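This report concerns only the one structure given below.
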Amino acid sequence: MSNIFHYNILVTLDRNYLKVLSVMLYSLSQSDPDAVFTVYVANNSLTEDDFSSLRTLIPRTEFVDVRVCDELLSGAPISDRYPKEMYFRLFAAQYLPQELDRILYLDPDLVILNDLRGLYSIDFQNHLFAASSHIESTFFKNFNRHRLHLSKEARYINSGVMMLNLSLLRKEQHPQEIYDFINEHKTSLLLPDQDILNALYADRTIFLDPLIYNLGEKYLRLKNLHLPKGEKLGTDWVRNHTAVVHYYGRNKPWKEGYHGKLGIFYQEFLHDMESFS
């Protein structure tokens with residue numbers, strides 16, 4: 001058993017995303033058939049039946065029910081689209097077991113096509129996070145840089161796929177700094193938890209290739225606009241090279257009216273998972 005690769009995974013959600021989470025975790029298990037997973041589920045709403053369902057659907061996986069105190073986020077801006085659970089990743093180092101030195105955070109609204117061993121084993125050096133962007137246009141890069149006062153070297157990161165350096169976060173992250181930032185800026189945050197991560201930690205984040213670790217429809221479309229006709233990236237390229245497809249924004253393949261090429265991967269994993277069960 002010692003030679004088997006082991007991932008520690010963090011997810012945060014409410015019950016509304018349980019089915020989507022199931023597909024994501026199933027795709028994760030299929031992306032690396034020789035690995036085992038411990039999934040820490042930070043939540044305040046899942047039941048024991050929910051966890052039983054997950055254990056039935058997802059092979060080689062241990063689930064840990066992590067309850068996060070509501071007091072932790074008193075006063076933070078929330079909405080139907082941005083529930084309080086999205087903030088849980090900000091404080092992961094505070095409530096996860098002390099013996100964990102690193103963990104991979106994954107949003108529910110993505111699928112894993114290829115193994116993540118290289119990402120999971122990343123050398124943090126003196127960084128707190130490793131993450132990708134979802135923004136390609138110069139306008140939005142500059143817009144986010146100005147509104148969040150980012151340095152010229154910083155890239156606006158997407159918080160949906162992140163390696164967390166838990167051992168260093170415990171030493172250097174100050175929760176009060178997060179509370180203060182929320183209280184000072186909560187009326188102007190567009191993507192609340194993500195804006196906080198960028199404003200406070202963009203300069204302490206290793207930037208990952210979005211084509212590999214955070215590929216969404218908009219990013220793929222904009223990338224292809226600048227490639228010659230014979231070099232445009234299609235679903236075969238994505239299947240062979242991309243590790244993480246992320247359905248960020250409102251364009252979701254489990255909803256009516258989905259537009260794009262990447263929904264095929266979600267539908268394939270959903271079909272396989274339902275056949276497996």
Discussion item. Which residue is farthest from Q267 (Cα to Cα), if the candidates are limited to the stretch 1-59 and must be free of Cβ contacts under 8 Å to residues at least 40 places away in the same chain and of a type in the set (D, E)?
Written reply: E48
Worksheet entry | Residue, surrounded by the fewest Cβ atoms within 10 Å (Cβ to Cβ), within the stretch 171-229, restricted to residues that are under 23 Å from F265 (Cα atoms) and among the hydroxyl-bearing types (S, T, Y) | Y219
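Here is a check on your reading of the model: is K252 outside any helix (DSSP H, G or I) and either touching an Asp or Glu at 6+ places or on another chain (Cβ under 7 Å) or surrounded by 16 or more Cβ atoms within 10 Å (Cβ to Cβ) (or both)?
Taking the combined requirement at face value, the residue satisfies it.
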Practice prompt. Check whether at least one residue in the stretch 165-182 is in a loop (DSSP other than H, G, I, E, B), closer than 21 Å to Y87 by Cβ, modelled with pLDDT under 95 and within 20 Å of the chain's Cα centre (by Cα), and report yes or no.
Written response: yes
Worksheet item: Taking only pairs six or more apart or across chains, which ones have beta-carbon atoms under 8 Å, a first residue in the stretch 266-277 that is surrounded by fewer than 16 Cβ atoms within 10 Å (Cβ to Cβ), and a second residue that is not in a helix (DSSP H, G or I)?
Response: Q267/P253
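The values are calculated or read from the model by the stated rules, or taken from the named source; none is laboratory data. Here the structure is a predicted model, which is why all the values come from computation and not from measurement. Here Cβ is always computed from backbone atoms with ideal geometry, including for glycine, and neighbour counts include all displayed protein chains.
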